[in-house]
Amino acid sequence: MVRANERSAAERPGDEVVVALQNLKAAPGPLLDFAFAAASARGATLRAVHVRKLPSSDYGYGLATASVGYLDGDLEGQVNRELERALEPWREKYPRVTVERTIDLAFVAGAVLRATAEAGLLVVGRRTHRSALGTHIGPVTHAVLHHSTVPVAVVPHD
């Protein structure tokens, strides 16, 4: 999706492709394949953004929008290892793509949109589930489609 009043992705100064990953244990292959292929074709850096919600007991301490660095090293290390494992097969398939990682603890759509400051493309997923009412997108995809200032690619996956 590119807004009619926006410049095309080729005209944007951004040199990153941003991919939003919510579930690291079952990272969707089609989403990562599309993002890595887009970064490779553009000669761009791929920024993998993972946003993790804090347990509800932590919200009262003002940590809901803190970065992972504010947490103990065990959680930070665990999240980094999970993200690295999710990206590993595609790093091997696309060895020339430089990958930057962003891990945040915040409102998911807001963190994804903040990560697009230097981006020329944002890649988000949409689960392919059938409904009597037709195809649906999730709340993060919905929010970024309405608020992103960069082109958005929505990739369906299981």
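The values are calculated or read from the model by the stated rules, or taken from the named source; none is laboratory data. Predicted model only: the values in this text are computed from it and were never measured. With ideal geometry, Cβ positions are generated from the backbone for all residues, glycine too; neighbour counts draw on all protein chains shown. Calculation scope for accessible area: heavy atoms of the full protein, side chains included, ligands and nucleic acids excluded. Shrake-Rupley method; radii C 1.70, N 1.55, O 1.52, S 1.80 Å.
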Out of Val97, Val123, Val144, sole residue that is modelled with pLDDT under 85 and buried (at least 20 other Cβ atoms within 10 Å of the Cβ): Val144
Residue within the range 16-30 that is at pLDDT 75 or above, open to solvent by 90 Å² or more (accessible area, probe 1.4 Å) and closer than 22 Å to Val140 by Cα present: yes
Flag for Ala10 being surrounded by fewer than 14 Cβ atoms within 10 Å (Cβ to Cβ), modelled with pLDDT of 90 or more and aliphatic (A, V, I, L, M): no
Long-range neighbours under 9 Å by Cβ, at least six apart or interchain, first residue basic (Lys, Arg) within the range 9-31, second open to solvent by 70 Å² or more (accessible area, probe 1.4 Å) and at pLDDT 90 or above: Lys25/Arg85
